[in-house]
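Colleague: What follows is a structure written as structure tokens; I'll ask about it next.
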Amino acid sequence: MEQLVNRLPRLKELDLSDSQELTQKTVECIVDNLKFLEALGLSRCYSIPIGAYFYLPKAPLLRSVQMFAIFKLHTLMELIKSLPQIKINQEPCSTIARPTVGNKRSSIWGERVRDYEPPRVSANQIVFVSAGNQKQ
């Protein structure tokens, strides 16, 4: 983690979800060194103790933290109350797809990925909106 924060000190968004070896020291390293960090993903990082999350407000620009599937609801609600300046779990859709195993390894969120093609859009389906075309 020290190499990452030293090489990318102006990082604005960091998602470490599913990292099983993160600790309180990791959180402190992130907060102390990434002064431009605005969003942090720590979902399913089970080895970070709850006390580490109370260190997060020391990050001057941090506004959003995702920590899904870590705490029971009552604990999560207490964290939300204790850290009002940080939006916790406000982005339920992750930009990182979780890997799957077994029969599901060829799909993500129910969509096949090995032979997946995005939907085709014809030119007449595209709508352009500019400031000059808005109705008043």
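Colleague: Please specify each residue of region 10-30 satisfying the condition of being under 16 Å from Cys45 (Cα atoms) and among the aliphatic types (A, V, I, L, M).
Modeller: Looking only at region 10-30, we keep the residues that are under 16 Å from Cys45 (Cα atoms), and these are 14-30.
Hits for region 10-30 are Leu14, Leu16, Leu22, Val27, Ile30.
Colleague: Go through the residues of region 76-83 one by one and say whether even a single one is loosely packed, with under 10 Cβ neighbours inside 10 Å and either within 25 Å of Lys12 (Cβ to Cβ) or modelled with pLDDT of 95 or more (or both).
Modeller: So in region 76-83, the residues loosely packed, with under 10 Cβ neighbours inside 10 Å come out as 81.
Narrowing the set further to residues that are either within 25 Å of Lys12 (Cβ to Cβ) or modelled with pLDDT of 95 or more (or both) leaves none.
No, the conditions are met nowhere in region 76-83.
Colleague: To continue, here is another question. Could you tell me which residue of region 1-48 is modelled with the highest pLDDT, considering only residues that are among the acidic types (Asp, Glu), in a loop (DSSP other than H, G, I, E, B) and more than 19 Å from Arg63 (Cβ to Cβ)?
Modeller: Initial filter on region 1-48 (among the acidic types (Asp, Glu)): 2, 13, 15, 18, 21, 28, 32, 38.
If we keep only those that are in a loop (DSSP other than H, G, I, E, B) as well, we get 18, 21, 38.
Adding the requirement that they be more than 19 Å from Arg63 (Cβ to Cβ) leaves 18, 21.
On the way: Asp18: 88, Glu21: 93.
The extreme case among them is Glu21.
Colleague: Can you find a residue that is surrounded by 13 or more Cβ atoms within 10 Å (Cβ to Cβ), within 17 Å of the chain's Cα centre (by Cα) and part of a loop (DSSP other than H, G, I, E, B) anywhere in region 49-58?
Modeller: no
Colleague: Inside region 9-28, can you point out the residues that are without any contact (Cβ under 8 Å) to a residue 40 or more places away in the chain, surrounded by 14 or more Cβ atoms within 10 Å (Cβ to Cβ) and farther than 19 Å from Leu83 by Cβ?
Modeller: Leu11, Ser19, Thr23
The values are calculated or read from the model by the stated rules, or taken from the named source; none is laboratory data. Keep in mind the model is a prediction, meaning the values are calculated, not measured. FYI the Cβ positions are ideal-geometry reconstructions off the backbone, even for glycines, and counts take in every protein chain you see.
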